[in-house]
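Single-structure report; data block below.
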Amino acid sequence: MDRVRGKRFDNEPKLNKRKVFATVIAIVVFIIVILSIKKIFKKDTKIAEMIVQTAYFTVYNNGKYGVIDNRGNTIVNTTYDEMIIIPNSARDIFICTYDVDYNTSIYKTKVLNSSGSEILKDYSNVQAIENSNANDIWFEDNILKYEKDGLYGLIDFNGNKVVDPIYNNIYALESTPKSIVVEKDGKKGIVNSTLGELVLQCIYNDVSSLSKDNADDGYIVNMNGKYGLVSATGKPILECNYQEIKHVTGNNMYAINDGTSLKVDSALNVIKDGGFQDIKSINGENIIIKQNELYGIINQSGEEKIAPKYEDLIFACDNYYIAKQNGLYGIISLDDTVCLDFKYISLNFLKTTNFYQGENADFTTDIINRNLETKLSNVIISDLNIDNGYMRIRQNNEYKYYNFNFEEKSNIDVLKSNTLFLTKQNGKYGYMNKNGELVVNCIYDDAKEQNEYGYCAVNKDGVWGVLSSDGTMVLEPSVNLDDSIYIEFIGKWHLYKDTDLKLYVK
């Protein structure tokens with residue numbers, strides 16, 4: 001039976017589907033427009049976590065040593081009595097010392113990786129090779145020493161043998177990276193760790209680099225009490241006939257003492273010394289000499305360019321020399337014209353940045369460009385980043401960034417890999433994101449820029465804590481670091497006050 005709908009339904013007009021569809025579309029478009037407008041006026045303040053290459057650090061806690069990674073994760077538990085050596089922070093090679101007999105200095109070592117497994121087990125008593133100069137201590141980052149039957153050899157980080165265990169001793173050439181001294185039967189040679197080969201045979205009584213911190217200019221060698229010169233690849237330059245060869249080189253010339261007077265030698269062509277006592281440096285055609293404890297300049301022909309009258313003299317660049325007079329430093333030209341007044345307690349030309357740093361009596365710094373124009377006055381340099389081409393300076397209690405062309409930049413401009421950027425409001429510190437939006441409120445009395453591993457050190461009420469790379473709190477301010485020169489955190493671990501140890505503690 002048919003269902004009766006009634007007259008009200010019989011007379012109702014039919015639904016217009018096109019109008020309904022158009023209305024729905026209009027509503028959807030309206031919603032999209034509203035959401036788009038909201039998105040324009042509300043920027044995304046989410047902070048991505050900083051992505052960094054894995055690195056490893058030695059830590060110390062409760063009298064024991066261990067290892068963490070750059071996320072603060074424990075890699076080796078703090079169970080070792082002796083400091084764990086990490087020769088290269090980017091490689092999971094951890095040299096652990098144990099069973100130490102302090103009376104005989106006999107000990108054992110084992111090498112662990114990041115999984116806690118022992119590696120390089122085919123070699124005994126594996127050791128890192130330490131080196132140092134006046135400013136730093138480091139380990140050779142691509143080669144290790146090992147022992148067999150009381151003799152020593154070298155392996156690379158993958159366990160490949162570099163030299164056989166035939167040497168009585170192996171150690172780094174002081175202040176000279178990649179040059180490893182090997183001793184056999186009382187004689188010394190050199191292994192270049194980059195090349196992985198013996199470049200000087202073990203026939204010398206002593207070896208040193210001609211230019212400190214760099215073996216590219218060659219080695220000064222001693223044989224039977226006489227000195228000679230050998231290139232970085234082992235080719236003889238000067239036979240061992242001289243009483244002394246100084247650590248001075250330039251323009252293929254070398255300062256030598258033949259037993260009667262000090263001379264400059266270029267391809268064995270002797271230039272008379274004119275009676276001076278010493279040679280400090282060779283710069284192109286010009287030679288800084290010392291006479292009666294004062295410094296001057298002669299050329300290769302022995303002609304006097306500047307009389308010995310300065311307390312110190314250092315080649316800077318072009319025809320400019322840094323000179324010391326009456327205890328203060330200034331700049332002179334090769335014709336002895338004073339180009340920058342004698343007013344600094346120290347003055348240096350940095351080749352890597354192409355500018356001078358002059359230290360004032362109040363320990364602030366003036367920065368002077370190559371043309372001797374003072375670009376920044378009475379500042380404190382808190383960071384000089386050669387790799388990324390910027391400096392961070394403090395002036396009138398404010399921090400500013402400049403590139404090496406002395407153009408002022410923001411921290412967002414120069415700290416390209418950072419996710420957080422230090423800012424200051426009303427005398428308090430906080431952090432912005434890369435869009436310049438405040439993401440960590442300015443509530444801290446002091447704070448540091450984000451370090452290369454993503455952590456931000458923050459100070460409140462005289463104690464320090466740390467934020468992660470996304471701005472979350474890792475450690476509430478609770479650590480007193482008044483005795484520390486550098487404030488830096490890896491997770492909850494902070495850099496030990498003795499920075500030479502490169503050690504993190506809690």
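Working from the alpha-carbon coordinates of region 280-438, get Rg over Rh, Rh being the Kirkwood radius. Present the calculation step by step, with values, prior to reporting the outcome.
Numbers: Rg = 19.8 Å, Rh = 17.8 Å.
Reported Rg/Rh (Cα atoms, Kirkwood Rh): 1.11.
Based on C-alpha coordinates, I'd like the Rg and Dmax of region 200-271, in Å.
11.1, 32
Along each of its three principal axes, how wide is the spread of alpha-carbon positions in region 149-293, in whole angstrom units, largest first?
So the extents along the principal axes, rounded to whole Å, are 55, 28, 27.
Express the accessible area of region 48-143 per residue in Å², computed with a 1.4 Å probe while the remaining protein chains stay in the model. Could you put the intermediate results ahead of the total?
Details: 5230 Å² over 96 residues.
It amounts to 54 Å² per residue over region 48-143.
Using only the Cα atoms of region 314-365, build the gyration tensor, take square roots of its eigenvalues as a ≥ b ≥ c, and label the shape rounded, prolate or oblate: rounded if a/c is under 1.5, else prolate if a/b is larger than b/c, else oblate.
Details: a/c = 2.47, a/b = 1.16, b/c = 2.14.
Oblate is the answer for region 314-365, as a/c is 1.5 or above yet b/c matches or exceeds a/b.
Sort 62-71, 213-222 by the packing proxy (mean of other Cβ within 10 Å over each peptide's residues), most packed first. List each step's numbers first, then the result.
On the way: 62-71: 16.8, 213-222: 19.2.
With the highest mean Cβ count within 10 Å placed first, the list reads 213-222, 62-71.
Taking the chain as the reference, fit the longest principal axis to its C-alpha atoms, fit the long axis of helix 17-41 to the helix C-alpha atoms, and give the angle between the two in degrees, 0 to 90, nearest 10.
Helix 17-41 sits at roughly 30 degrees to that axis.
For region 229-364, what is one quarter of the convex hull surface built on the Cα atoms, given in nm²? Please report the intermediate quantities before stating the final value.
On the way: hull surface 38.0 nm².
Mean shadow area of the hull around the Cα atoms is 9.5 nm².
Starting from 0.36 nm per residue, how many nanometres of slack lie between residue 461 and residue 373 once their C-alpha separation is accounted for? Mind showing how you got there, number by number?
Values: separation 88, 0.36 × 88 = 31.68 nm, distance 4.22 nm.
The span from residue 461 to residue 373 would gain 27.5 nm if fully extended.
Please work out the Cα center distance from region 167-195 to region 399-454, rounded to the nearest Å.
Each part's Cα centre sits 45 Å from the other's.
Taking the Cα atoms of region 279-334, report the difference between the largest and smallest coordinate on each principal axis, in whole Å and largest first.
Over region 279-334, Cα extents along the principal axes are 31, 26, 15 Å.
If one puts a single equal scatterer on every Cα of region 350-459 and applies the Debye formula without solvent, what log₁₀ I(q)/I(0) results at q = 0.11, 0.12, 0.20, 0.21 Å⁻¹?
-0.38, -0.46, -1.08, -1.15
Can you tell me how much longer the chain between residue 151 and residue 243 gets when fully stretched, taken as 0.36 nm per residue apart minus their C-alpha distance, in nm with one decimal?
Details: separation 92, 0.36 × 92 = 33.12 nm, distance 3.32 nm.
Working it through step by step, the gained length comes to 29.8 nm.
Work out, step by step, the length gained on full extension between residue 82 and residue 258: first 0.36 nm times the residue separation, then minus their alpha carbon distance; give nm to one decimal. Please list the in-between numbers first.
Numbers: separation 176, 0.36 × 176 = 63.36 nm, distance 4.91 nm.
Residue separation times 0.36 nm, minus the Cα-Cα distance, leaves 58.5 nm.
Could I have the simple spin-label model distance between residue 311 and residue 211, label points 7 Å from Cα toward Cβ, reported in nm to one decimal?
Between residue 311 and residue 211, the simple spin-label model gives 3.0 nm.
Jot down the per residue volume, in cubic angstrom and as a whole number, of the convex hull over the alpha-carbon atoms of the chain.
So the per-residue Cα hull volume is 303 Å³.
The values are calculated or read from the model by the stated rules, or taken from the named source; none is laboratory data. Note that this is a predicted model, so its numbers are computed, not measured. For neighbour counting, all protein chains shown are included, and Cβ atoms are generated from backbone atoms with ideal geometry for every residue, glycine included. Surface areas here come from the heavy atoms of the whole protein model, side chains and all, with no ligands, DNA or RNA. Shrake-Rupley method; radii C 1.70, N 1.55, O 1.52, S 1.80 Å.
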